Ligand code: UDP
């Protein structure tokens with residue numbers, strides 16, 4: 001059972017008292033989060049922990065998930081890709097269908113809470129139904145290179161919110177004339193995904209999947225998505241494998257709002273060309289499993305082509321793992337290059353760093369240790385809670401908002 005008091009042992013009593021103090025200031029206010037999936041992906045991961053913790057510190061908080069069919073989520077996935085800069089073609093009918101589903105959801109979700117906190121583009125249009133309560137739009141995506149058509153469509157709705165929230169200062173938009181604030185995502189150090197695990201439990205998971213812990217294991221945990229570049233990871237591994245004996249684990253499940261997973265999974269199987277040392281794992285939602293895979297690996301990769309934040313990087317660093325990750329989106333916020341991890345820009349660069357870490361385990365361990373300290377200081381859920389509480393307060397005291 002999640003208990004806010006348990007975090008004192010990690011961040012100190014003062015940080016927890018501060019949360020209660022801010023929670024008290026929001027007494028009587030109801031907050032509702034709305035997103036598009038209950039499991040899979042970073043947004044659901046955070047809400048699962050954030051919602052009970054907010055309730056514990058006295059802020060009545062709910063979480064609703066919009067409903068949509070395959071056609072709706074195919075359109076929203078296309079939007080997601082277009083926001084990340086992929087050229088996608090949208091028909092009038094796509095936008096009409098998106099609007100129709102949004103309006104159906106608006107009829108079925110109670111939107112009367114004092115603060116409505118909408119996550120990502122899928123539910124963005126619910127704001128059409130706003131009355132005199134407060135509406136926040138939380139953008140978890142890097143929209144700096146978004147395609148004009150989708151951005152223009154979404155901007156009409158973004159401007160109806162009181163405030164929007166981005167994960168990195170780099171994502172702010174000049175032409176959005178409402179307050180924009182930066183709040184980074186976070187990990188929960190006490191969750192099943194991140195808590196300490198006995199080594200026997202880690203070993204058991206590796207045995208079950210037939211992965212040999214006596215030889216180096218390189219792992220990327222991600223939904224099977226082109227933007228996570230699993231095929232690029234295989235190419236980097238193949239460059240390294242010529243020189244260093246190692247195994248590669250590509251593990252991920254699906255998210256209910258991501259219809260592309262199976263197709264990408266099949267592409268990954270084909271790219272592996274039957275190499276017995278490449279383990280492609282289609283996982284059920286099981287946090288202990290992910291935790292064990294991260295803990296038992298020697299190196300963690302996150303070779304995303306685009307990324308909102310990339311929670312898997314913080315998760316791995318929290319476990320003191322050396323991480324090689326692309327310098328995209330929110331990842332450079334989490335990694336100080338050559339101090340608390342390695343930032344990469346290409347397949348060749350990834351292969352170069354993999355070889356370096358495999359040949360220099362002390363250097364790898366140092367990166368992991370420093371990386372953990374950085375995550376402890378910046379990316380734990382207690383910091384995130386505090387910033388959300390301040391955000392909710394700020395919409396009632398608009399003059400106190402800090403702009404960037
Ligand atoms: N994750 C998971 N199971 C999987 C793949 C990923 O639980 O099979 C988790 C992962 O550990 C992380 C989140 O989903 O907590 C992914 O968040 P991230 O920000 O890395 O990427 P997103 O999927 O949101 O693009």
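Values in this text are rule-based calculations from the coordinates and carry no lab data. Please read all numbers here as calculations on a predicted model, not as lab measurements. No Cβ is skipped: glycine too gets one built from the backbone with ideal geometry, and neighbour counts run over all protein chains shown.
Relative to the longest principal Cα axis of the chain, at what angle does helix 287-296 sit, 0 to 90 degrees, rounded to 10?
Tilt of helix 287-296: around 40 degrees.
Express in % the proportion of alpha carbon pairs of region 231-331 at distances exceeding 25 Å.
Details: 848 of 5050 pairs.
Every Cα pair in region 231-331 considered, those over 25 Å come to 17 percent.
With just the Cα atoms of region 64-136, tell me how far they stretch along each of the three principal axes, in Å, largest first.
Rounded to whole Å, the extents work out to 38, 22, 19 Å.
Between helix 381-394 and the chain, what is the angle of the helix's C-alpha long axis to the longest principal axis, kept within 0 to 90° and rounded to the nearest 10?
Once rounded, the angle reads 20 degrees.
Taking the Cα centroid of region 79-108 and of region 367-391, what is the distance between the two, rounded to the nearest whole Å?
So the two Cα centres are separated by 33 Å.
Counting C-alpha atoms alone, how compact is region 93-211: give Rg to one decimal and Dmax as a whole number, in angstrom.
19.4, 57
Can you work out the base-10 log of I(q)/I(0) for region 161-302 at q = 0.16 1/Å, using the Debye formula on its C-alpha atoms alone?
Debye curve over Cα of region 161-302, log10 I(q)/I(0) at q = 0.16 Å⁻¹: -0.92.
Can you give the Rg and Dmax of region 9-165 based on its C-alpha atoms, in angstrom?
Calculated on Cα positions, Rg and Dmax stand at 16.9, 54 Å.
In whole Å, what is the distance between the alpha-carbon centres of region 134-181 and region 267-297?
Using only Cα atoms, the two centres lie 34 Å from each other.
Using only the Cα atoms of the chain, construct the convex hull and provide its projected area averaged over every direction, in square nanometres to one decimal.
19.1
What order do you get for 11, 150 when you list them from fewest to most C-beta neighbours inside 10 Å? Can you show the working numbers first?
On the way: 11 18, 150 21.
Ascending number of Cβ neighbours within 10 Å: 11, 150.
Provide 393, 357 in ascending order of the number of other Cβ atoms located within 10 Å of each residue's Cβ, fewest first.
Numbers: 393 14, 357 24.
Ascending number of Cβ neighbours within 10 Å: 393, 357.
How much mean residue ellipticity at 222 nm does the chain get from its helices, if each DSSP H run of length 4 or more adds -39500 (n - 2.57) and you divide by all residues, to the nearest 500 deg cm²/dmol?
On the way: 15 runs with 175 residues, N = 404.
It lands at -13500 deg cm²/dmol.
Compute the relative contact order of region 115-169 as a whole-number percentage, counting only Cα pairs closer than 8 Å that sit 6 or more residues apart in sequence. Walk me through the numbers on the way to the answer.
Numbers: 66 pairs, mean separation 23.3, N = 55.
Dividing the mean separation by the residue count of region 115-169 yields 42 percent.
Could you grab the Rg to Rh ratio for region 292-364? Cα atoms only, Kirkwood for Rh.
0.92
Let me have the relative contact order for the chain, percent, based on Cα pairs under 8 Å that are six or more residues apart. Walk me through the intermediate numbers first.
On the way: 730 pairs, mean separation 67.3, N = 404.
Dividing the mean separation by the residue count of the chain yields 17 percent.
Output the peptides 165-175, 200-210 sorted from most to least packed, where packing is the average of other Cβ atoms within 10 Å over each peptide's residues. Provide the component values of the computation, followed by the final result.
Values: 165-175: 16.3, 200-210: 13.9.
Put in order of decreasing packing, that is 165-175, 200-210.
Could you quote the convex hull projected area for region 33-93, Cα atoms only and averaged over all directions, in nm²? Working shown, then result.
On the way: hull surface 21.2 nm².
Projected area, direction-averaged: 5.3 nm².
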